Amino acid sequence: MFIGAVNNLVRSVLWGLSAEWTGRRVVVACSGNFTVERIMAKRGISEIHGNDVSLYSCALGAYLSGRPFRIAIKDGAYAFLGEYLASTEDAAATLMLCSEWFKFADRPGMFYERMDRQYRNDFKQKHAATVERIRRGTEGVKLTTFTPADCVDFLKDAPRDAVAISFPPTYRGGYERLYKKLDAVFGWDAPGYTLFDPERFDEFEQTLREFDTWVTLTDEPRESLMRHRIGIVQTGLRSRPVHMYASAGRTTVAFPHQKVMQNPYPIARGHLARPVTIAPIAQGVMNQLRSLYLSPKIVPAAAQCNFAVLADGKLVGAFGFSKSTYLGQWCDAYMMTDFAIRPNPHKRLSKLILAAAMSIEACVSLEQAFGMRIRTIGTTAFTDKPVSMKYRGMFELAGRKEGKLNYTAGAGKWTLEEGMTWWMEKHANALNG
């Protein structure tokens with residue numbers, strides 16, 4: 001989903017470029033969260049013109065430019081929000097807060113209902129805190145003008161001696177999906193605009209390159225702009241690289257690297273002994289273990305909670321969980337990784353790691369970390385085979401897509417000791433040749 005985010009590395013490149021723009025007029029098409037405007041203001045650039053079409057951005061743009069902004073409640077279920085629209089500052093804070101709140105509204109499941117109720121009950125306090133957040137975040141930022149209009153039309157009307165900066169949505173209908181709920185609750189004078197798609201980008205590109213100085217970025221390479229590419233930025237190993245293009249600038253390449261920390265536990269090499277325990281480990285430790293024991297073809301991602309599995313204090317494996325994007329539906333907690341330490345004489349050691357992940361102790365730790373009830377855990381096996389032997393008999397097949405199998409299991413099935421007993425009886429005697 002396109003949200004107009006500008007990551008830290010892109011900000012650094014913009015900061016370097018803007019050193020030569022002091023005293024010039026800057027026009028920003030697709031202002032989003034006004035990150036570009038904040039960078040320009042910090043640089044000391046005084047003439048900044050913003051533009052966007054979304055409700056939230058238009059409200060914040062009106063606040064920063066000192067222009068009036070009409071907004072009203074059109075959904076009676078949210079009538080109480082009317083008192084939080086008294087000023088453009090109040091309206092911007094309300095919309096920022098609702099952007100988070102509405103992720104939970106109108107969705108089935110106890111978690112969503114509880115979060116929805118909490119936002120509604122605590123809105124006054126949250127709104128006051130959000131007002132302060134906006135004040136701190138926009139301190140020193142003042143727009144000369146803000147224009148609610150189509151970004152291409154906005155650029156066509158801008159003077160060509162200005163510095164033009166624009167990070168447009170990268171696929172058709174990006175704004176519409178993000179702001180659907182906001183537009184259903186609030187009434188405002190929404191500007192007309194043309195949905196952004198590849199054909200629209202061609203017109204956008206042609207207009208942008210008419211400026212003496214310009215900058216844009218895309219999440220896919222543009223052959224027509226290749227000689228203007230000044231940067232490739234990738235913030236995460238699983239994230240898509242961002243391609244930066246500009247009329248001039250020094251080339252920058254920034255790719256992610258993993259932080260690695262030393263594993264603090266001795267490695268279990270022989271037959272296993274009780275007791276089996278789990279211990280939280282830092283992401284850096286997990287990164288080291290995955291680099292040693294997982295296929296290099298697997299692109300790693302950070303989990304919110306990582307655990308070492310220990311037998312008699314020696315490391316036999318690890319697993320990591322994050323909150324599921326399917327909370328209350330597919331599973332409550334998603335197991336992003338699980339693996340056993342090799343070499344080891346036990347052929348089915350991976351079953352013990354799964355038994356530990358399904359334990360009451362692991363469930364309690366996840367509930368404390370995530371602040372919610374964990375009844376089910378899920379994971380994905382990336383395979384073209386009809387079944388994963390690793391999860392068969394312990395997890396249930398929840399869904400099948402090309403190249404992957406989704407599995408679920410009940411959380412808190414047994415204690416760690418009970419899981420160890422089950423594994424010793426069923427799998428410990430299966431040894432490597």
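Taking segment 58-97, how much of its Cα-Cα pair set, in percent, is spaced more than 13 angstrom apart?
46 percent
Sorting check: for 76-83, 420-427, which peptide has the highest mean count of neighbouring beta carbons within 10 Å, and how do the rest follow?
420-427, 76-83
Would you work out the charge dipole size for segment 366-426 about its Cα centre, treating the Cβ of every Lys and Arg as +1 and the Cβ of every Asp and Glu as -1, and quote it to the nearest 20 debye?
Here the size comes out at about 260 debye.
Going from most exposed to least, what order do Glu113, Glu20 have by accessible area with a 1.4 Å probe?
So, going from the largest accessible area down, we get Glu20, Glu113.
Go through Ala430, Tyr245, Ala62 and say which Cα lies farthest out towards the positive end of the charge dipole of the chain; charges sit on Cβ, +1 for Lys and Arg, -1 for Asp and Glu.
Selected residue: Ala430.
For the peptides 371-382, 350-361, what is the packing order when you average, over each peptide's residues, the other Cβ atoms within 10 Å and list the highest mean first?
Ranking, from highest mean packing down: 350-361, 371-382.
What accessible area per residue comes out for the chain, rounded to a whole number of Å², with a 1.4 Å probe?
Heavy-atom accessible area per residue stands at 49 Å².
Would you please report the Å³ per residue occupied by the convex hull of the alpha carbon atoms in segment 177-227?
131 Å³
Around Asp106, what is the net charge, scoring Lys/Arg as +1 and Asp/Glu as -1 over all other residues with Cβ under 9 Å from its Cβ?
That works out to +1.
When Rg is the radius of gyration of the Cα atoms in segment 61-220 and Rh is its Kirkwood radius, what does Rg/Rh come to?
With Rh from the inverse mean 1/r over Cα pairs, Rg/Rh is 1.01.
Using just the helices of the chain, give the 222 nm mean residue ellipticity in deg cm²/dmol: DSSP H runs with n ≥ 4 each add -39,500 (n - 2.57), and the total is spread over all residues, rounded to 500.
Rounded to the nearest 500, it is -10000 deg cm²/dmol.
Any idea what the dipole of the chain comes to, in debye rounded to 20, about its Cα centre with Lys/Arg Cβ at +1 and Asp/Glu Cβ at -1?
1580 debye
As a test of understanding, state the convex hull volume per residue of the chain from its alpha carbons, in Å³.
Cα-based convex hull of the chain, divided per residue, equals 169 Å³.
Rank Pro343, Ala333, Ala302 by how far each Cα sits towards the positive end of the charge dipole of the chain (+1 on Lys, Arg Cβ; -1 on Asp, Glu Cβ) and give me just the farthest.
Pro343
Counting only protein heavy atoms, what percent of the accessible surface of the chain is carbon or sulfur at a 1.4 Å probe?
51 percent
How would you order 144-150, 51-57 from highest to lowest mean count of nearby Cβ atoms within 10 Å?
The packing order, highest mean first, is 51-57, 144-150.
Roughly what % antiparallel, to the nearest 5, for the DSSP beta bridges in the chain?
Here the share of antiparallel DSSP bridges comes out near 65 percent.
The values are calculated or read from the model by the stated rules, or taken from the named source; none is laboratory data. All values derive from a computational prediction rather than experimental measurement. A quick note on method: Cβ atoms are made from the backbone with ideal geometry, for glycine too, and the neighbour counts reach across all protein chains shown. These accessible areas exclude ligands, DNA and RNA; they are computed on the full protein's heavy atoms, side chains included. Shrake-Rupley method; radii C 1.70, N 1.55, O 1.52, S 1.80 Å.
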